[in-house]
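Take a look at the structure set out below.
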Amino acid sequence: MTLEREDPGLFHASGYFGTGPVIVEMDGLAFHLNPRQFKRDRRRDNDAIRQGLLVLRFFYGDVVHTPDAMLRHVREVLRRRRLV
């Protein structure tokens with residue numbers, strides 16, 4: 001996800017649920033634990049939150065190896081926020 005704005009209100013994310021202001025990020029250890037990338041990710045998270053978006057972060061393995069559990073987690077968050 002590159003949450004730096006290219007146009008006002010336009011963001012790129014690993015996943016976006018159009019039913020509500022939720023961004024789902026898939027982080028791989030190879031890129032997202034690098035100190036520079038880690039800082040960029042947190043800045044983008046903060047920018048998203050300032051825009052009223054919720055950011056959920058999952059590891060690559062969560063999405064690839066246990067997608068049903070990851071989707072249950074996302075759905076529960078959406079349900080609790082009454083977005084689905």
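What follows draws every value from the coordinates through simple rules; no lab data is involved. Computed from a predicted structure; not experimentally measured. Virtual Cβ from ideal backbone geometry, glycine too; neighbours counted across all protein chains shown.
For region 15-80, the relative contact order comes to 36 percent (Cα pairs under 8 Å, sequence separation of at least 6). A Förster radius of 25 Å combined with the Cβ-Cβ distance from LEU29 to ARG50 puts the calculated FRET efficiency at roughly 0.40. Rounded to 0.05, the FRET efficiency of the PHE38 and ARG79 pair, given R0 = 30 Å and the Cβ-Cβ distance, is 0.50. Taking amide H atoms as placed 1.01 Å from N in the peptide plane, the amide H of GLU25 lies under 5 Å from those of LEU56, ARG57, PHE58, each 5 or more residues away in sequence or on another chain. Projecting the Cα atoms of THR66, PRO35, ASN46 onto the charge dipole of region 15-80 (Cβ charges, centred on the Cα centre) puts ASN46 farthest toward the positive pole. Express the Stokes-Einstein translational diffusion coefficient of region 15-80 in µm² s⁻¹, to the nearest whole number, given a Kirkwood radius over alpha-carbon pairs, 20 °C and a viscosity of 1.002 mPa s. So the translational diffusion coefficient is about 170 µm²/s. Under a model in which nothing but the beta-carbon of Lys, Arg (+1) and Asp, Glu (-1) is charged, region 15-80 shows a dipole of about 280 debye around its Cα centre.
Compute the signed sum of charges (Lys and Arg +1, Asp and Glu -1) over the other residues within less than 13 Å, Cβ to Cβ, of MET26. Around MET26, the surrounding residues sum to -3. Computed over neighbours whose Cβ is under 12 Å from that of ARG36, the net charge equals +3, Lys and Arg +1, Asp and Glu -1.
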